[in-house]
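Quick notes on the structure that follows.
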Amino acid sequence: MTYKDNEHPEWTDRLSDFLDGGLDPETHAAFEAHLGECGSCRGVLEGLDEVRRRAAALGPIEPTRDLWAGIAATIRAPAAGAAEGATVIALPTAERARPDIGSRRSHRVSLSSMQLVAASLVLVVGSSLATLTLRSQSPTSTPPVAATGSEGVIMPAGTAAPPPADLALELSSLEQALAEARGVLDPNTVRILERNLSVIEQAIEDSHRALMQDPENAFLAEHLDRVYHRKLEYLREAARVVESAD
Amino acid sequence: MGQRVPEHFEQSDVRRAAEGDHAAFERLYREHVGRIHALCTRMVGSDVADDLTQEVFIRAWRKLDGFKGQSKFGTWLHRLAVNHVLSRRETIRRRESKQAFGEGILSRVVAPPRRSSGHALDLDRAVRRLPERARDVFVLFDVEGYSHDEIAEALGVSVGTSKSQLHRARMLMREQLD
Ligand SMILES: [Zn+2]
């Protein structure tokens with residue numbers, strides 16, 4: 001590797017050690033002497049020191065969306081995450097159950113824990129997917145409107161955007177199909193679906209909110225429409241994965 | 001849990017959380033999420049940082065019983081995050097190489113504008129361009145303040161390798177920031 005203006009690699013290669021105080025006193029003194037007379041090495045040293053100082057000043061990076069709801073949903077439904085040795089449906093995004101996640105359980109989650117997951121979904125996603133799971137007796141398709149009576153942490157009631165008319169039917173039937181498949185899905189898979197859908201729902205929510213503030217904005221309208229199409233693509237793909245896993 | 005009741009407010013939240021108090025754990029989350037998310041972003045990238053951050057906190061919740069308070073909670077949590085990130089990266093890489101299920105769609109849906117000062121943004125961009133090993137050491141040493149001994153242990157390399165990768169990273173960063 002060659003570095004720019006690196007005239008004395010025998011010195012520059014150890015300048016980081018010098019900066020970090022990692023040299024023995026004798027070598028350190030020799031470095032100081034060399035630096036006193038060599039502008040090239042001094043230049044490199046100053047550059048390294050600036051990198052070091054700026055790195056040390058780098059601050060936290062707050063997430064751009066609230067991650068707590070997803071965490072809360074998982075820790076409030078411990079059974080849903082406790083599926084070591086589960087038959088993980090081969091979603092490529094599915095993480096393998098890790099050994100320290102919890103006790104061994106059968107590969108099908110019990111109804112009650114499924115309901116917990118569903119309930120937490122209402123909280124996190126506010127999607128009709130959860131609503132449909134809870135009202136699985138009702139076969140009529142319902143457009144994806146935020147569940148009323150949800151705690152509305154992410155999706156305040158009344159802000160849900162109705163999907164474009166041409167997508168509504170397919171969206172709701174895919175959601176229903178997924179809701180029905182949910183009972184046989186591995187909890188990890190459910191979690192991934194839940195998380196990804198919540199990202200999409202959040203995007204829908206965000207662009208809908210922006211559109212409410214600026215209803216004439218054609219770009220925002222188009223964007224919202226595009227996000228709904230992405231949701232449709234995602235649900236189609238999820239449905240394919242679920243089908244192939246049957 | 002047989003822990004002594006600590007004076008520090010945070011430690012009482014840690015104790016409550018270990019006993020199952022979600023609200024206490026949420027306070028801990030709010031306090032530490034920025035630092036954990038930053039670690040994940042810098043080591044693995046912003047596209048998976050949200051997922052990893054959530055996993056870290058879920059893992060911390062499940063392991064709180066084992067936190068005996070010999071170190072600060074933040075230190076314990078951060079170490080847990082480093083180990084988690086390192087162990088998950090392999091899976092993430094496999095996942096990325098398969099052009100994962102929905103990921104493409106997701107990345108097109110969500111394009112969050114990062115709010116950050118230009119200066120920090122440039123530096124973070126430069127960090128992302130570092131080769132992986134050099135980046136690991138740089139983030140852990142120069143950003144997070146771990147020692148070479150600790151880094152060598154976490155990464156499973158020698159102290160000499162940690163030092164030389166740090167120097168390599170700084171030299172590359174210096175070129176990028178010129
Ligand atoms: Zn020189």
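Structure values in brief
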item	result
One residue from B:Ser12, B:Ser97, B:Ser87 being at pLDDT below 90, surrounded by fewer than 16 Cβ atoms within 10 Å (Cβ to Cβ) and either farther than 30 Å from A:Leu235 by Cβ or touching a strand residue (DSSP E or B) at 6+ places or on another chain (Cβ under 7 Å) (or both)	B:Ser12
Selection from the range A:5-31 of residues that are within 15 Å of the ligand (Cβ to nearest atom), outside any helix (DSSP H, G or I) and under 30 Å from B:Leu121 (Cα atoms)	A:Asp5, A:Asn6, A:Asp13, A:Arg14
Condition met for B:Asp122 (more than 8 Å from chain A (Cβ to nearest Cβ) and under 15 Å from the mean Cα position of the chain (by Cα))	no
Test: A:Gly59 is away from the ligand (no atom under 16 Å from the Cβ) and either at the interface with another protein chain (Cβ under 7 Å from one of its Cβ atoms) or part of a loop (DSSP other than H, G, I, E, B) (or both)	yes
Single unsatisfied condition, B:Arg35 versus (1) open to solvent by less than 20 Å² (accessible area, probe 1.4 Å); (2) facing chain A (nearest Cβ under 10 Å)	(1)
Cβ pairs under 7 Å, 6+ apart, first in the range A:55-74 and of a type in the set (D, E, K, R), second open to solvent by less than 20 Å² (accessible area, probe 1.4 Å) and part of a loop (DSSP other than H, G, I, E, B)	none
Subset of the range A:32-56 that is more than 14 Å from chain B (Cβ to nearest Cβ) and either in a helix (DSSP H, G or I) or open to solvent by 60 Å² or more (accessible area, probe 1.4 Å) (or both) - its residue that is nearest to the ligand (Cβ to nearest atom)	A:His34
Residue under evaluation A:Pro162, criteria (1) part of a helix (DSSP H, G or I); (2) touching a helix residue (DSSP H, G or I) at 6+ places or on another chain (Cβ under 9 Å), criterion not met	(1)
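This table checks each residue for (1) modelled with pLDDT under 75; (2) away from chain B (no Cβ under 13 Å).
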{"residue": "A:Leu169", "(1), (2)": "no, yes"}
{"residue": "A:Glu205", "(1), (2)": "no, no"}
{"residue": "A:His208", "(1), (2)": "no, yes"}
{"residue": "A:Phe219", "(1), (2)": "yes, yes"}
{"residue": "A:Asp225", "(1), (2)": "no, no"}
{"residue": "A:Lys231", "(1), (2)": "no, no"}
{"residue": "A:Tyr234", "(1), (2)": "no, no"}
{"residue": "A:Asp246", "(1), (2)": "yes, yes"}
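The values are calculated or read from the model by the stated rules, or taken from the named source; none is laboratory data. Owing to the predicted nature of the structure, the values given are computational and were not obtained by experimental measurement. Every residue, glycine among them, receives a Cβ derived from its backbone with ideal geometry; neighbour counts consider all protein chains shown. The area values use the complete protein model at the heavy-atom level, side chains included, leaving out ligands, DNA and RNA. Shrake-Rupley method; radii C 1.70, N 1.55, O 1.52, S 1.80 Å.
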